[in-house]
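Engineer: The structure follows.
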Amino acid sequence: SQQGEEDPQALSIQEGENATMNCSYKTSINNLQWYRQNSGRGLVHLILIRSNEREKHSGRLRVTLDTSKKSSSLLITASRAADTASYFCATDFGSARQLTFGSGTQLTVLP
Amino acid sequence: DTEVTQTPKHLVMGMTNKKSLKCEQHMGHRAMYWYKQKAKKPPELMFVYSYEKLSINESVPSRFSPECPNSSLLNLHLHALQPEDSALYLCASSQTVGRTQETQYFGPGTRLLVL
């Protein structure tokens with residue numbers, strides 16, 4: 001079963017705007033990762049945040065983690081058309097030794 | 001080399017066919033994974049290999065048979081599939097399968113259509 005739920009399911013913005021996606025999960029985690037998937041292709045790892053971290057940056061990406069609310073957000077600043085993709089959060093929890101992916105957000109950036 | 005390769009890119013097969021999907025990585029990773037992904041859905045884990053041994057099988061039907069011949073290669077043998085098995089099959093690898101999951105590197109996938 002899915003550990004993570006993401007919202008919104010779909011997001012459409014203009015180039016240059018910021019995009020925020022949220023992920024909520026059910027159980028305590030070891031870490032949370034964000035991946036991007038272009039249409040029909042493999043997933044690309046974006047960023048990993050550990051359970052003892054609250055915020056992490058990578059280029060135009062900013063990820064926050066609130067373990068008390070069991071939620072994470074991914075912010076993409078100054079979006080570009082090339083950012084159009086599906087974005088998935090993935091959690092590593094307990095001793096599962098595996099990643100469980102959230103439902104995903106489809107981001108469309110209009111030129 | 002941070003690439004995971006998968007062949008073939010596309011595969012069309014009948015329900016009585018036997019085919020294999022192949023995955024290769026040369027990053028020295030000792031954990032490899034098979035995922036199944038239906039359209040507009042997240043990837044679902046099928047199998048995990050750790051140090052060439054099957055460590056997780058997520059109750060996948062026996063018509064899917066994984067094989068890990070060595071630390072760089074992962075195969076998925078397909079036999080007597082059903083139309084509902086049509087999906088994107090993704091291979092991934094990570095350094096190890098330890099107490100906490102590390103970054104996974106994904107291949108581009110094999111788009112499978114079962115007629």
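Engineer: Considering every residue in A:33-44, what mean count of other chain Cβ atoms within 10 Å of its Cβ is obtained?
Structural biologist: Whole-number average of other-chain Cβ neighbours for A:33-44 is 5.
Engineer: What net charge is computed for the residues neighbouring B:Pro69, neighbours being all others with C-beta under 13 Å from the C-beta of B:Pro69, Lys and Arg scored +1, Asp and Glu -1?
Structural biologist: The answer is -1.
Engineer: Taking a point 7 angstrom from the Cα of B:Thr103 along the C-beta vector, which residues in segment A:1-35 have backbone N less than 15 Å away?
Structural biologist: A:32-35
Engineer: Let me ask something else. What do you get for Rg/Rh over chain B if you use C-alpha atoms and the Kirkwood form of Rh?
Structural biologist: 0.95
Engineer: Another question, then. Holding the Cα-Cα limit at 28 Å, pick out from B:Lys9/B:Lys53; A:Lys56/B:Lys36; A:Lys26/B:Lys36 the pairs that are longer than that.
Structural biologist: A:Lys56/B:Lys36
Engineer: Rounded to the nearest Å, what's the spacing between the alpha carbon centres of segment B:22-87 and segment A:18-61? Just the number, please.
Structural biologist: Segment B:22-87 and segment A:18-61 have Cα centres separated by 23 Å.
Engineer: For A:Thr27 and B:Asn17, what is the calculated FRET efficiency with R₀ set at 35 Å and r taken between the beta-carbons, to the nearest 0.05?
Structural biologist: Calculated transfer efficiency: 0.30.
Engineer: Something else now. So for the pair B:Arg63, B:Arg111, with labels modelled 7 Å out along Cα→Cβ, what separation do we get in nm?
Structural biologist: Calculated label separation equals 2.2 nm.
Engineer: In chain B, which cysteines lack any other cysteine Cβ under 4.7 Å from their own?
Structural biologist: B:Cys68
Engineer: For B:Leu81, what is the net charge nearby, where nearby means another residue's Cβ is under 15 Å from its Cβ and Lys, Arg count +1, Asp, Glu -1?
Structural biologist: After counting each charged neighbour, the total is +4.
Engineer: Below 15 angstrom from the Cβ of A:Ala19, what's the summed charge of the other residues (Lys, Arg +1; Asp, Glu -1)?
Structural biologist: Local net charge: -1.
Engineer: Take A:Arg80 and B:Ala80, extend 7 Å from each Cα along the Cα→Cβ direction, and tell me the distance between the two endpoints in nm.
Structural biologist: 5.1
Engineer: For chain A, what number results from the quotient of the Cα radius of gyration and 2.2 N^0.38 Å?
Structural biologist: That works out to 1.01 for chain A.
Engineer: Can I ask one more? State log₁₀ I(q)/I(0) for the protein assembly as shown at q = 0.17 Å⁻¹ as given by the Debye formula over alpha-carbon point scatterers of equal weight, solvent excluded.
Structural biologist: Each listed q maps to, in turn, -1.22.
Read-outs: derived from the displayed coordinates by stated rules, not from any lab. If you're wondering where the values come from, they're calculated on a predicted model, not measured in any experiment. We place every Cβ from the backbone using ideal geometry, glycine too, and count neighbours over all the protein chains shown.
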